[in-house]
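Working notes, beginning with the structure itself.
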């Protein structure tokens, strides 16, 4: 079975969404400006105060790299989509842009994986089981399985 390149991009975009979700916690230790998703996503894990403190430290450690890699991936995807929309862009240029976008998404995915691998040792077996069901655990919904990415404005003639 051959994996379509856009599925890989969708997977990486979903990882970006997970990173955004990890950017905040509703509980103690996470200050304002981190976004709303992290606390709700991890509340089901019933983390201890020590675990929350460790999670925040890991998040703060990885967040600059995640943001930088997400920005690079977004820029590369935008360039690819713009080139795809331009009828005069040759296949060689498209291939190079696709490879650049794919590499940027892969770098982002690896950063999210590194964060995940640092989170797992902090969790109890029960917490790990719950964590594995969510997007950061690479299970459950939110990973874009079976869905391809589409440009933001595909136009009236684009297939749906």
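Coordinate-derived values only; no laboratory data. All values reported here derive from a predicted model rather than from experimental measurement. When we count neighbours, we look across all protein chains shown, and the Cβ atoms used for this are built from the backbone with ideal geometry, even at glycine.
For the reader, a short list of remarks on this structure follows.
- FRET efficiency for the residue 86 to residue 50 pair, using the beta carbon distance and R₀ = 45 Å, is estimated at 0.25.
- Cα gyration tensor of the range 57-124 - equivalent ellipsoid semi-axes, whole Å, descending: 33, 11, 7
- Cβ crowding within 10 Å averaged over residues, with 43-56, 99-112 ranked highest first: 99-112, 43-56
- Computing FRET efficiency as 1/(1 + (r/R0)^6) for residue 96 and residue 67, where r is the C-beta to C-beta distance and R0 is 35 Å, gives about 0.90.
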